[in-house]
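I have placed the structure first, in the form of structure tokens, so that the comments after it can refer back to it.
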Amino acid sequence: MASYPQDQPREYHRDLSNWWWLGRFNYLKFILREFSSVFVAYFLIVTLAQVCALTRGPAAYAAFRAHMQHPLVILLNIVALAFLVLHTITWSKLVPKAFFPRSHGHPLPEMTTALPSYIIWAVATIVVAAIILGA
Amino acid sequence: MARRANEPAVWFLFGTGGFVAGYLLPVHILFYGILFPLGIFKDPGYQATLTVFEHPLARLYLVVLCFFGFFHAAHRLRLTLVDFLRVKHLENVLGLILYSGAAIGTLFAIYLASVV
Amino acid sequence: MADTIVIEVARYSPETDAEPYFQKYEVPLRGDWMVLDALNYIKDHLDGSLTYRWSCRMGICGSCGMVVNGYERLTCETLLAQFAPGPVRVEPLRHFPIARDLVIDMTDFLEKLTRVKPWIVRKDKTPPAREYLQSPEQLATFKQYSNCINCMLCYSACPVYGIDPHFTGPAALALAERYNLDSRDQGTSERLDILSQHDGIWDCTVIGECSEVCPKEVDPSLAIQEFKLTATKEWYKSFLMPWGGK
């Protein structure tokens, strides 16, 4: 970090506001995108609870399913799904770009780098859905 | 190598977890969290679901999903809370708590996978 | 279209002011004027004390970066009439100390830029007999990152730089990656050593606003992600194959 010369006229230092993330829509979108990780952790815990109930027998699993049918839980899961979809879409638009060889002097179109990710997502969804339903 | 020598390790877990959780978790939430509870699709029931889980690949799937997913969430939350709450001085403490949580979640997944 | 428009300019004089304030000026609203033309009009006709940086007035020198109505812009490329009826608020770049009015102290950026060694690093003991050859394909791998004009709009847009002054920042990292990717360069591990040590790259949380505001489409955010990938690969290599050279 730079140390500014002592004999310089008094410069004005501005501190970043604690509400910086409200200052611009893109900053707010960023914070929302990052908090999708809370819902990732949430449903991983739900999944562990589901598997735990499975290992304990039919009565425990029935109790788990009853919990999942509570309206507030369903609402929470809809919100969680929305955040997960936000995660996967923003992730697909951003992260794969770094894996494309830099053989262009200019940026690649967004869909070129995002499409392979969407295809993998679609295939994974179909395969897992088939296993879940066919079970 | 340096002060932040361990950062690449967790960053790799974070990156892999972003893909793993991003591709796999939505369909789990869709069915187990919304469609089955609402009765839009018929839940396959206890025995059928248990049979799927007993398969070795399914148990590996659970461990992989939880390991990468929990570390992804832990890393992302650590960085975001530091920026959001402006608590750079607490970053190491937060990291310790969050990564420990991820480790515990992973260990529980391994335990469940072995219990079947 | 009205005849005039009001510009609110941030003023700060270190000799007399405790903190910055806004001063209003009314300038002609010409259809082909940029915000820079309005600033020049103020200085030429209304208030000669207004202090700001500019040079080429065509978007290549990187001098005239400021925050116009809340967004980082090169004032020489920002059409004035788009803000009609106004007012138009012009402030200095964020996250740098203000020296006077719209002029910021860029010492920290220059130090970080030097730190990343933005030049060809070679291990040759003697100069080469002829120039290093490079194909158009090799040039294409880093050309985008070489477009940086050091205007610092990305530093102003980046909240991480505002929160943590140790962060190396978008432009310096994009230029580091430009040289890492250059086929003539052999300095990647030197740059990695330096940047891993000072919270150089790991503070970036991919907010992406740097790439949004960049007037030359450099996409520093992508450069940083690539740099992180390189750093991670090297870390695992040194961990798993410590006998490896370089």
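Readers should treat all values here as calculations from the given coordinates under stated rules, not as data from a laboratory. Source: prediction; values computed, not measured. Ideal geometry is used to build each Cβ from the backbone, glycine not excepted, and the neighbour counts take in all protein chains shown.
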Rounded to the nearest 10, the angle in degrees between the Cα long axis of helix C:170-181 and the longest principal axis of the Cα atoms of chain C comes to 30
Note: C:Trp119 to C:Glu19 extended length (0.36 nm per residue) minus current alpha-carbon separation gives 32.1 nm
Chain B, Gaussian network, Cα under 10 Å: of B:Leu98, B:Leu24, B:Leu65, the residue fluctuating most is B:Leu24
Rounded to the nearest 10 degrees, the helix A:58-68 long axis (Cα) sits at an angle to the longest Cα principal axis of chain A of 40
Candidate span helices, chain B: DSSP H, at least 30 Å along axis from Cα coords, Kyte-Doolittle average at least 0.5, result B:7-28, B:56-85, B:91-115
Per-residue average of other protein chain Cβ atoms inside 10 Å, peptide B:71-79 -> 5
In degrees, nearest 10, the alpha-carbon axis of helix C:220-240 is tilted away from the dominant principal axis of the alpha carbons of chain C by 20
Averaged over the residues of A:80-92, the number of partner chain Cβ atoms within 10 Å of each residue's own Cβ comes to 5
Check: C-alpha center the range A:7-58 vs C-alpha center the range C:77-154, spacing in Å is 31
Connecting every pair of Cα atoms under 10 Å apart in chain A and solving the GNM, the largest mean-square fluctuation among A:Ile120, A:Ile89, A:Ile78 falls on A:Ile120
What helix-only [θ] at 222 nm does chain B give? Using -39500 (n - 2.57) per DSSP H run of at least 4, over all residues, to the nearest 500, the answer is -26000 deg cm²/dmol
Across B:106-113, the residue-averaged tally of Cβ atoms belonging to other chains within 10 Å stands at 3
